[in-house]
Each structure stands twice: as C-alpha cells, then as structure tokens.
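The values are calculated or read from the model by the stated rules, or taken from the named source; none is laboratory data. Computed from a predicted structure; not experimentally measured. Every residue, glycine as well, gets a Cβ built from its backbone with ideal geometry; the counts of neighbours run over all protein chains shown. With ligands, DNA and RNA removed, areas are computed over all heavy atoms of the protein, side chains included. Shrake-Rupley method; radii C 1.70, N 1.55, O 1.52, S 1.80 Å.
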Amino acid sequence: MKITKSLFHAGVLGLSLLATSVMAAVPAAEADKLGKSLTPMGAEMAGNADGSIPAWKPLPKNAGTVDSKGFLSNPYASEKPLFTITAQNVDQYKNKLAPGQYAMFKRYPETFKMPVYPSHRGATVPDDVFAAIKKNATNTNLVSGGNGLENFETAVPFPIPKSGVEVIWNHITRYRGGSVTRLVTQATPQPNGSFSLVYFQDQFVFRDKMKDYDPANPGNILFYFKQKVTAPARLAGGVLLVHETLDQVKEPRSAWVYNAGQRRVRRAPQVSYDGPGTAADGLRTSDNLDMYNGAPDRYDWKLEGKKEMYIASDAYKLDDPNLKYTDIIKAGHINQDLARYELRRVWHVVATLKEGQRHIYAKRDFYIDEDTWQAAVIDHYDGRNQLWRVAEAHAENYYDKQVPWYALEALYDLQSGRYLALGMKNEEKSAYDFGFTATTSDFTPAALRQEGVR
C-alpha cells in the first residue's frame, strides 16, 4: 500500500511539474512590472551600476530624417568609438564576448575588429503592441510540450520569461512591423572576398495584418512569407511560399516552391530545420534565416540567465545608401569599420539537440537582446561539439515606424573561411516598406505561378 501511495504521489508531483513547465503565463502582480521596473517589452528599465548600459529611452519617430527611398539618417552620426577591440587586446574583453565572437579574432587576427560606441537603448514599438504584450504576459501559455502557443496576440508571448524556450518564442514572434515588403540581397563570398549577389523580393505578413483576418477564429497560422528571386538570371523567377504555424507539432509549416524553368509549383518539405537555405551555396540552413526560425521541437532549451555583452547595434552606418556592396563585403567577414557595437544585456539560452533527433547543429548558443527579443549572436556547434558557425545580426531601429529589426545578418563559417551576408539593401531602389497589405488568397500555392513570371 505504501508503494502504491508513494507512486501515486510521485505521479501527481510529476504531472504538477510537467504542468508548471508547460504553463507559462505569469500572475497579474508580476505582469504589473511591465512599464514600471521593466520596460513594456520586459527588459530591465534601469541601466547597469556603472552607467555603461543606460536606462531605456525610446527613440522618437523624428529621431532623424527619411530620404526619398525610405532610408534613415543616423541619429548617432557624430559619435566616435569609445575603443576598438582587436586581436591584440581581445582578452581584456573576453568575458563580454560570445565564444564565437572571440573565435573570429583568432580566425582573422589581422582584420577582424569591434568598434565599441556609447550604448543607446532606443528600441520601441507602437503602443497597441505594448498593450498586446502585457495581455500576453497573463494569458499566453505553451502547448505541445513547449512547441506551440495558445491565447497569443501580435508579438512577444512571454515578456517575463521563466525558461529558455519562452525566450526563443519571444524571438520567433517579436514585432517586425506586422507586415513588410522589401528588396534585399545575399552574398556568399569566397575566402578571397570575391562574390556575386542573389536578389530577393520578400513579402512578410503576420496573421493579424491580413485584410481577411478574423480575431474570433485566428487559426493556427502565425505569419505568411513569400520570397521571389529576381536575379541572377539563372535563378530569377523562383518563388518560395511559407505558411508558418503557431503549433508546428500539431500542424507543421507548409511550404511550396515555384520553379520558373519547369513552370511548376510543388511542395517543399525541405524548407525547415537544416534543409538548405535558398541560393545560399550550402552556407546556411532554412532555420538560419532571421538568425533562427521555425519549430523548436528538436532541441532542449536551457535558460542560462542574463549577461552583459558587446553586440552589433544601431547599424545605420552599415545601412547607408551611399555605400556600395563592395564597400561592405570583404574577405573573411564584412567590413568591420562599418560596424557599431554597444554594451547591452542579453539573455543566454543553450539549445542542445534532443536524443533521437537530427540536425547538422548539435548545439546552439543564443544571445538575445533584452530590449527587442532579437537574436544578436548565435554560436553553432557540429556533432563533435566543435564551434562551426557564428551568426551575428547588425540591428537597426527603424524609428520612423517604431520597428526594431536587422540591417544585415552575417553567418561566418570558421572552418571553410567563407560566410553569408543577408539583408543588404544599400544599392536598391527602396528600403523596407512597412504596412504591406494582403489577403490570404495572395499567399496560396495557386498565386505562385503568377508571381514567378520572369
């Protein structure tokens, strides 16, 4: 009888612990910290003890000027670096660098550098998004063992996270303007720096920005994504369509591709996890796009806590429309003279591949900016537990639209000496166009053939 009773209590305790690990909403008293001791997004409102990280002070919409193509002026153009980290002095700053950043100095000791500027915490989003985030704090829960969400609105389900997978969901669902259309380029340079470009036209719309969205019947869709290759000629006309789901265990991501040469639409189950990235010459996986995307079900996620770290921020200089792509793309890595690093607080999350699951990355270390929930640096390890690839995002606050996002994503392969740079738009005819409107019929497989006409 004692054994049975003991087993009963153990079972109840186990179910209780399981429920605790799956349920994620916080009490109203804790959510009340948002906008007070915490920013409305969930970051610490105050700066650090010595003032090297300031208190949160959002950039106003008129922080700078906007040119005819939509490019933003640099509100910090007059600032000079406080110091520059090089291979010669990197050990002084190692405790505020990711292992991958440190490895870049060792891989490229003559050229890799990090100019460190005064820190600014200017990222903000519209008030209605802040209101949705606060509502999520007390309402949104994890489902399917942490691999899906319920009762979620707009962005950032867990502004006061208690687990690693909650931090990752904040990155996946963070606010990116609701909808956008953009013209961007991707380069995959050879070790000597020679490169050619692939040109993309992207459309990206979260479900609640669709014209025919019904809040009473939100369904399982998180967002729609369509990507058309416009150059070079050998790839032009190919189109990728993705329906991203909130619960990808219940309903996996749906993806289709249109092949212009064959004039045919087909399913694309490989567009997920470690399937090859579009026109990336094998240098990124599908889930490397946007630093990380997709279902989190193949990894165990451990929250290590917060730390202070130098991350690429306020990348207005790198996004300058006066630059040519040849100014940015160099041998081994991008032109670090154009980069800007600031000391920030980041969440550190370690993703370890689950037993029995498959992925070319056996472990990933995520460093996620507390102010935006954007991944700033991700270190990727191979099956031998060797550091393999280092992803670094150069973040920019699109202050006129109140949208934090990226100006450029770089993914460095430490073994091959090659890298991928994605998101450059300096030479394009327009910058990001936020507020793109569409209906679900624009994101159907039937619409792909028309999109793919050369």
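Under a model in which nothing but the beta-carbon of Lys, Arg (+1) and Asp, Glu (-1) is charged, region 123-237 shows a dipole of about 360 debye around its Cα centre.
Using just its DSSP H runs of length 4 or more, each adding -39500 (n - 2.57), the chain gives a mean residue ellipticity at 222 nm of -4500 deg cm²/dmol after division by all residues. Show me the helices of the chain, taken as full DSSP H stretches, that run 15 Å or more along their long axis by Cα and average 0.0 or above in Kyte-Doolittle hydropathy. Flagged H segments are 2-22.
Considering only alpha-carbon pairs that sit under 8 angstrom and 6 or more positions apart, the relative contact order computed for region 56-159 is 25 percent. Remark: relative contact order (the chain) = 19 percent; criterion is Cα-Cα distance under 8 angstrom and separation of 6 or more residues.
Rounded to the nearest Hz, the phi-derived 3J(HN,Hα) couplings of region 176-188 under the Karplus curve 6.51 cos²θ - 1.76 cosθ + 1.60 (θ = phi - 60°) are 10, x, x, 7, 7, 10, 8, 10, 9, 10, 9, 10, 10, where x marks glycine and proline. Residues in region 246-369 average 39 Å² of solvent-accessible surface per residue, probe 1.4 Å, ligands and nucleic acids excluded.
Using a probe of 1.4 Å on the protein chains alone, the accessible area found for ILE329 is around 10 Å².
Heavy-atom accessible area for HIS120, with the other protein chains in place and a 1.4 Å probe, reaches approximately 40 Å².
For the pair SER73 and VAL350 in one chain, pulling the backbone fully straight at 0.36 nm per residue adds 96.1 nm over the alpha carbon distance.
Dividing the convex hull volume of the alpha carbon atoms of region 344-454 by its residue count gives 203 Å³ per residue.
In order along region 320-337, phi translates into HN-Hα couplings of 5, x, 7, 7, 9, 4, 5, 6, 9, 7, 10, 5, x, 6, 5, 5, 6, 5 Hz, rounded to whole numbers, per the Karplus curve 6.51 cos²θ - 1.76 cosθ + 1.60 with θ = phi - 60° and x for Gly and Pro.
Please give me, ordered by residue number, the trypsin sites (Lys or Arg not before Pro) of region 62-139 that lie in loop per DSSP and have at most 13 other Cβ atoms within 10 Å. Filter output for region 62-139: LYS69. Only protein atoms count toward the accessible area here, which uses a 1.4 Å probe; on region 156-214, the carbon and sulfur part of that area reaches 45 percent. Computed about the Cα centre, the dipole magnitude for the chain is approximately 860 debye when only Lys and Arg (+1) and Asp and Glu (-1) carry charge, each at its Cβ.
Surface listing: PHE158, PHE436 arranged by accessible area from highest to lowest gives PHE436, PHE158, probe 1.4 Å.
Amide H contacts of ALA25 (H built 1.01 Å from N, in plane; Pro and chain starts excluded): LEU142 sit under 5 Å, all sequence-distant by 5 or more or on other chains. Both the radius of gyration and Dmax for region 289-355 are 16.4, 49 Å, in that order, over alpha-carbon atoms.
Any of LYS134/LYS226; LYS57/LYS209; LYS33/LYS162; LYS401/LYS425; LYS226/LYS363; LYS211/LYS425 with alpha carbons more than 21 Å apart? Name them for me.
From LYS134/LYS226; LYS57/LYS209; LYS33/LYS162; LYS401/LYS425; LYS226/LYS363; LYS211/LYS425, over 21 Å: LYS134/LYS226; LYS57/LYS209; LYS226/LYS363; LYS211/LYS425.
Short-range pairs are left out: with C-alpha atoms under 8 Å and at least six residues apart, the relative contact order of region 292-450 is 21 percent.
Taking 0.36 nm per residue of sequence separation and removing the Cα-Cα distance, the THR230/GLN415 pair yields an extension gain of 63.5 nm. For TYR398, the residues whose amide H sits under 5 Å from its own are VAL403, TRP405, ignoring neighbours fewer than 5 places away on the same chain, with H placed 1.01 Å from N.
Exposed loop sites were defined as GluC sites (Glu not before Pro) in DSSP loop states (anything but H, G, I, E or B) carrying at most 12 other C-beta atoms within 10 Å; in the chain the longest segment without such a site runs 111-354.
Roughly how many whole Å is it from the C-alpha centroid of region 300-317 to that of region 384-454? Taking the Cα centre of region 384-454 as reference, the centre of region 300-317 is 19 Å away. Each Lys or Arg adds one and each Asp or Glu takes one away; over the other residues whose Cβ falls under 13 Å from the Cβ of GLN248, this sums to -2. Here the Karplus relation 6.51 cos²θ - 1.76 cosθ + 1.60, evaluated at θ = phi - 60°, turns the backbone of region 434-450 into coupling constants of 7, x, 4, 10, 7, 10, 4, 5, 6, 10, 9, x, 5, 7, 5, 4, 5 Hz, with x for every Gly and Pro. With Cα atoms defining each centre, region 70-106 and region 251-298 are spaced 32 Å apart in the structure.
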